[in-house]
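Novice: Let me give you the structure first, and then I'll get to my questions.
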Amino acid sequence: MQYSQKVLDHFMKPHNVGKLEHPDAEATEGSPACGDQISITLNIDPETKVIKDVKFQSYGCASNIATGSIITDMAMGKTIEEAKNITWKGAADELDGLPPVKMHCSVLAVDTLKKAIKKYEIEHGYAKAEKFSKQTIVEELKKVIYPGVGEDIVTLKMVKYVGFEDGIATIDVEIPKFDKYRDNIAEEIEEHLEAFDEIKEVKVTI
Ligand code: FES
């Protein structure tokens, strides 16, 4: 696997590793793509909403560790509003790129940071818990990465239909029959969506 020197540097000597003792915000997420996990803890100034400290613990691969390291660097000293704008693509760019099959590791790290911030905002009354809708499903599908090119299946216009009725999520995806990632994508969609309490059944047609 071809990694940039920056990925290797952050993997070998990651920044901000560990767990804050008294975090104001925290989240732990697992990747449906590989089963790996990452935790992020944050200390946030209640007045300025500036992230005073942030640490991560990764049980994932080199790409996940490198992304955890770079996004905690990027988030440190920022307001939570600014930190919410960190994207997995931005993190991958900061690392001078990631191999396409490893983009989901970056998605996992950034998603965990965003979840921690969202939980903080909801707990402190700065945001309301979002009402589950079809759009929630679409947003979740944007975290499913097609490993062939390292882009999400919504952006790649592989998702042809999204439906949600009576707890059943129906997703139609278009991927050529011979594509080696077909089964992985179907499985990953199911695992992403099954994590929602509102979804009782996932029907994926590929
Ligand atoms: Fe699991 Fe990278 S985080 S393969």
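Novice: Right, residue 35: without any contact (Cβ under 8 Å) to a residue 40 or more places away in the chain, within 10 Å of the ligand (Cβ to nearest atom) and closer than 20 Å to residue 147 by Cα or not? Steps first, please.
Specialist: Numbers: without any contact (Cβ under 8 Å) to a residue 40 or more places away in the chain: yes; within 10 Å of the ligand (Cβ to nearest atom): yes; closer than 20 Å to residue 147 by Cα: yes.
Against the criterion (without any contact (Cβ under 8 Å) to a residue 40 or more places away in the chain, within 10 Å of the ligand (Cβ to nearest atom) and closer than 20 Å to residue 147 by Cα), residue 35 qualifies.
Novice: Out of the residues in the stretch 21-32 that are farther than 17 Å from residue 84 by Cβ and assigned to a loop (DSSP other than H, G, I, E, B), state the one that is farthest from the ligand (Cβ to nearest atom).
Specialist: Quick first cut of the stretch 21-32, residues farther than 17 Å from residue 84 by Cβ only: 21-23, 28, 30-32.
Subsequent filtering for residues that are assigned to a loop (DSSP other than H, G, I, E, B) retains 21-23, 31-32.
Working: 21: 26, 22: 27, 23: 22, 31: 5, 32: 10 Å.
If we take residues in the stretch 21-32 being farther than 17 Å from residue 84 by Cβ and assigned to a loop (DSSP other than H, G, I, E, B), then 22 is farthest from the ligand (Cβ to nearest atom).
Novice: Within the stretch 21-41, which residues are more than 22 Å from residue 185 (Cα to Cα) and under 17 Å from the mean Cα position of the chain (by Cα)? Give the steps one after another, and end with the answer.
Specialist: First, the residues of the stretch 21-41 that are more than 22 Å from residue 185 (Cα to Cα): 21-28, 39-41.
If the condition is that a residue be more than 22 Å from residue 185 (Cα to Cα) and under 17 Å from the mean Cα position of the chain (by Cα), then 25, 26, 27, 28, 39, 40, 41 are the ones that fit.
Rundown of residues vs (1) free of Cβ contacts under 8 Å to residues at least 24 places away in the same chain; (2) among the hydroxyl-bearing types (Ser, Thr, Tyr); (3) under 20 Å from residue 195 (Cβ atoms), yes/no style:
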residue: 133; (1), (2), (3): no, yes, yes
residue: 139; (1), (2), (3): yes, no, yes
residue: 143; (1), (2), (3): no, no, yes
residue: 148; (1), (2), (3): no, no, no
residue: 153; (1), (2), (3): no, no, yes
residue: 157; (1), (2), (3): yes, no, no
residue: 164; (1), (2), (3): no, no, yes
residue: 168; (1), (2), (3): no, no, yes
residue: 171; (1), (2), (3): no, no, yes
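Novice: List the pairs whose first member sits in the stretch 45-72 and is without any contact (Cβ under 8 Å) to a residue 24 or more places away in the chain, whose second member is within 13 Å of the ligand (Cβ to nearest atom), and whose Cβ atoms are under 6 Å apart, counting only residues at least 6 apart or on separate chains?
Specialist: Qualifying pairs under 6 Å: 59/36; 59/37.
Novice: Being out of contact with any Leu (no Cβ under 9 Å at 6 or more places or on another chain) and at pLDDT below 95 is the filter here, so list the residues in the stretch 1-31 that pass it.
Specialist: 1, 2
Novice: Moving to a separate point now. Do any helices (runs of 4 or more DSSP H) lying entirely in the stretch 78-135 carry at least 2 residues that are small (Gly, Ala, Ser) and modelled with pLDDT of 95 or more, and which ones are they?
Specialist: Those helices (runs of 4 or more DSSP H) span 88-94, 103-123.
Novice: Something else: Can residue 109 be described as in contact with a Gly (Cβ under 6 Å, 6 or more places away or on another chain), hydrophobic (A, V, I, L, M, F, W, C), surrounded by 14 or more Cβ atoms within 10 Å (Cβ to Cβ) and closer than 18 Å to residue 71 by Cβ? Walk me through how you get there before you give the answer.
Specialist: Working: in contact with a Gly (Cβ under 6 Å, 6 or more places away or on another chain): yes; hydrophobic (A, V, I, L, M, F, W, C): yes; surrounded by 14 or more Cβ atoms within 10 Å (Cβ to Cβ): yes; closer than 18 Å to residue 71 by Cβ: yes.
The answer is yes for residue 109.
Novice: Give the number of residues within the stretch 58-83 that are within 13 Å of the ligand (Cβ to nearest atom) and more than 15 Å from the chain's Cα centre (by Cα).
Specialist: The total comes to 1.
Novice: Sticking with this structure for a sec: Please work out if residue 203 is in a strand (DSSP E or B) and either in contact (Cβ under 8 Å) with a residue 40 or more places away in the chain or surrounded by fewer than 16 Cβ atoms within 10 Å (Cβ to Cβ) (or both). Don't jump to the end; show me each part of the working.
Specialist: Working: in a strand (DSSP E or B): yes; either in contact (Cβ under 8 Å) with a residue 40 or more places away in the chain or surrounded by fewer than 16 Cβ atoms within 10 Å (Cβ to Cβ) (or both): yes.
For residue 203, the condition - in a strand (DSSP E or B) and either in contact (Cβ under 8 Å) with a residue 40 or more places away in the chain or surrounded by fewer than 16 Cβ atoms within 10 Å (Cβ to Cβ) (or both) - is met.
Novice: Which residue out of 7, 54 is more than 16 Å from the ligand (Cβ to nearest atom), touching a helix residue (DSSP H, G or I) at 6+ places or on another chain (Cβ under 7 Å) and not in a loop (DSSP other than H, G, I, E, B)? Can you show your working first?
Specialist: Working: 7 fails: more than 16 Å from the ligand (Cβ to nearest atom).
None of the other options fit; the residue is 54.
The values are calculated or read from the model by the stated rules, or taken from the named source; none is laboratory data. This is a predicted model, so every value here is computed, not measured. Glycine also receives a Cβ, built like all others from the backbone with ideal geometry; neighbour counts cover every protein chain displayed.
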